[in-house]
1. Pulled fully out, how much extra length does the chain show between Ile67 and Glu29, if you take 0.36 nm times their separation in residues and subtract their Cα-Cα distance?
2. Compute the distance from the alpha-carbon center of the range 1-67 to that of the range 105-158, in whole Å.
3. Taking each pair of different alpha-carbon atoms in the range 97-157 once, compute 1/r for the pair, average those values, and report the inverse of that mean as the Kirkwood hydrodynamic radius in Å to one decimal.
4. Would you mind getting me the FRET efficiency between Glu107 and Lys142? Use the beta-carbon distance for r and R0 = 22 Å, nearest 0.05.
5. Below 8 Å between Cα atoms, with a sequence gap of 6+, how large is the relative contact order for the range 1-78 in percent?
6. Within 10 Å of each candidate Cβ there may be at most 10 other Cβ atoms; applying that plus a DSSP loop requirement, which chymotrypsin sites (Phe, Trp or Tyr not before Pro) in the range 1-59 survive?
7. Name the trypsin sites (Lys or Arg not before Pro) in the range 1-60 that are in a loop by DSSP and that have at most 13 other C-beta atoms within 10 Å, would you?
8. Looking at the range 1-78, I'd like the Rg to Rh ratio, where Rg is from alpha-carbon atoms and Rh is Kirkwood's inverse mean 1/r.
Amino acid sequence: MNTKEYNQCVDLYSDGLFRFLLKNVKDREKAKDLVQETFTKLWTKVEEVSFEKAKSYLFKSGYHTMIDQIRREKRHQDYQADALKTSILSSDRQFTDIQKILNEALEKLPEVQKSVIMLRDYEGYSYEEIEEITGLNESQVKVYIYRARVALKSYIGKIENVI
């Protein structure tokens, strides 16, 4: 890949990568830093990554960079063990803002489920692309997506409660 193609990658993929990372980390500054770090990684491998594979490389690298940052932060914070294993419970509240409900439900998902559901349903990646980005096999991707959807459905509850 040459400099012109690298700059094209920045123009084409930086917004999508930022949206994906922002949805996961919920902090604009952290998401910007992750995007920057991801593009820095691409630059260091500019000779090895072809322009055609750049999008896949960026999302895979961005995903792993995000996971690494989350792990580092978890080591420095004092979480309760049971808080890490909290499962999604049904909500008795009635909402009128479906986006707010969905965001709350997404926040309750385990990190891997949240990432695969975001890649599949928000970014439109195929199972094979998600497999490549996350390093999971296709069966695991499908299972995590299924579990995430079941958990989201359970959290949101009946549509009558939402409207």
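Each reported figure results from applying straightforward, stated rules to the coordinates on display, with no laboratory input. This one's a predicted model, so the numbers in the text were calculated from it and none came from an experiment. FYI the Cβ positions are ideal-geometry reconstructions off the backbone, even for glycines, and counts take in every protein chain you see.
1. Fully extending the segment from Ile67 to Glu29 adds 12.1 nm.
2. Taking the Cα centre of the range 105-158 as reference, the centre of the range 1-67 is 20 Å away.
3. Computed over Cα pairs of the range 97-157, the Kirkwood hydrodynamic radius comes out at 11.6 Å.
4. Efficiency for this residue pair is about 0.45.
5. Once normalised by length, the contact order is 38 percent.
6. When the chymotrypsin sites (Phe, Trp or Tyr not before Pro) of the range 1-59 are filtered for loop state and at most 10 Cβ neighbours within 10 Å, nothing remains.
7. Loop-located and lightly packed - Lys26, Lys45.
8. Radius of gyration relative to Kirkwood radius: 1.01.
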